[in-house]
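What follows is a short report on a single structure.
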Amino acid sequence: LRGSAAAELGQTAFFLGGQRGVVDVLMRESDRLAETEHDLSLRLEAIVLGIVIEDPALYPLAAERLERLRTEQPGDGVGARMALAVLAYHDARAGRAPAGVLTWARRALEGRDLEEWPLGFNAGFVLAAADELDEADVLYGRILEASRERASILSYALASCFRGEIAFDRGDLSRAGA
């Protein structure tokens, strides 16, 4: 229960502007759960990374954790796929080899829970950045559908925005504004 509560706290902290205290709690919980609940530990790890890679003051906390994800096989659970999506997002933005980054993003998308932050959105960014616009468009469509089913206004708004950006990139201005 503590790990799940920490995950919710972390997701909230991301949207409020990553706070160091929350990151510390998430890191402690992730480390505590690593042996007994590995996938939940990876979910917390992904949330931590989602916060710290966007905050220059906290970014130094990411290096060791990112490197560990690059070298281990995290598994197939939601947490593992979330971690792969964050790793792919980070490495795409850092200019790493597109083939490897796309492999991680596509592996992250195997399964359900695509609207689970940051899984689908990070993988979608990677696909779009690699000009895999058809694949990204389908992904954001799936996230929109899942968001409707779960009544997730934030996921719906973000997926709509990103899907509109893809339409804009293609020159489809009527769909871009929809």
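Filter segment 59-101 down to the residues that are farther than 16 Å from VAL126 by Cα and β-branched (Val, Ile, Thr), then identify the one that is surrounded by the most Cβ atoms within 10 Å (Cβ to Cβ).
Per the criteria, the residue is VAL78.
Out of curiosity, is ASP91 modelled with pLDDT of 90 or more, within 16 Å of the chain's Cα centre (by Cα) and among the acidic types (Asp, Glu)?
Considered against the rule, which asks whether it is modelled with pLDDT of 90 or more, within 16 Å of the chain's Cα centre (by Cα) and among the acidic types (Asp, Glu), ASP91 comes out as yes.
Look at LEU119 and say whether it is surrounded by 13 or more Cβ atoms within 10 Å (Cβ to Cβ), out of contact with any His (no Cβ under 9 Å at 6 or more places or on another chain) and either β-branched (Val, Ile, Thr) or within 25 Å of LEU26 (Cα to Cα) (or both).
yes
Considering segment 140-160 alone, what residues qualify as being more than 20 Å from ALA108 (Cβ to Cβ) and either modelled with pLDDT of 90 or more or assigned to a helix (DSSP H, G or I) (or both)?
Quick first cut of segment 140-160, residues more than 20 Å from ALA108 (Cβ to Cβ) only: 148-149, 151, 153, 156-157, 160.
Selection gives ARG148, GLU149, ILE153, TYR156, ALA157, SER160.
Is it the case, given these coordinates, that ILE166 is buried (at least 18 other Cβ atoms within 10 Å of the Cβ), over 17 Å from the mean Cα position of the chain (by Cα) and free of Cβ contacts under 8 Å to residues at least 40 places away in the same chain?
On the way: buried (at least 18 other Cβ atoms within 10 Å of the Cβ): yes; over 17 Å from the mean Cα position of the chain (by Cα): yes; free of Cβ contacts under 8 Å to residues at least 40 places away in the same chain: yes.
So ILE166 passes the test.
Hey, ASP137 hits all of (1) part of a loop (DSSP other than H, G, I, E, B); (2) in contact (Cβ under 8 Å) with a residue 24 or more places away in the chain; (3) farther than 23 Å from GLN73 by Cβ but one; which does it fall short on?
Here ASP137 meets the rest and fails (1).
The values are calculated or read from the model by the stated rules, or taken from the named source; none is laboratory data. Just so we're clear, the structure is a prediction, and the values are computed from it rather than from any experiment. In this analysis, Cβ positions are derived from the backbone assuming ideal geometry, glycine residues included, and neighbour counts consider all displayed protein chains.
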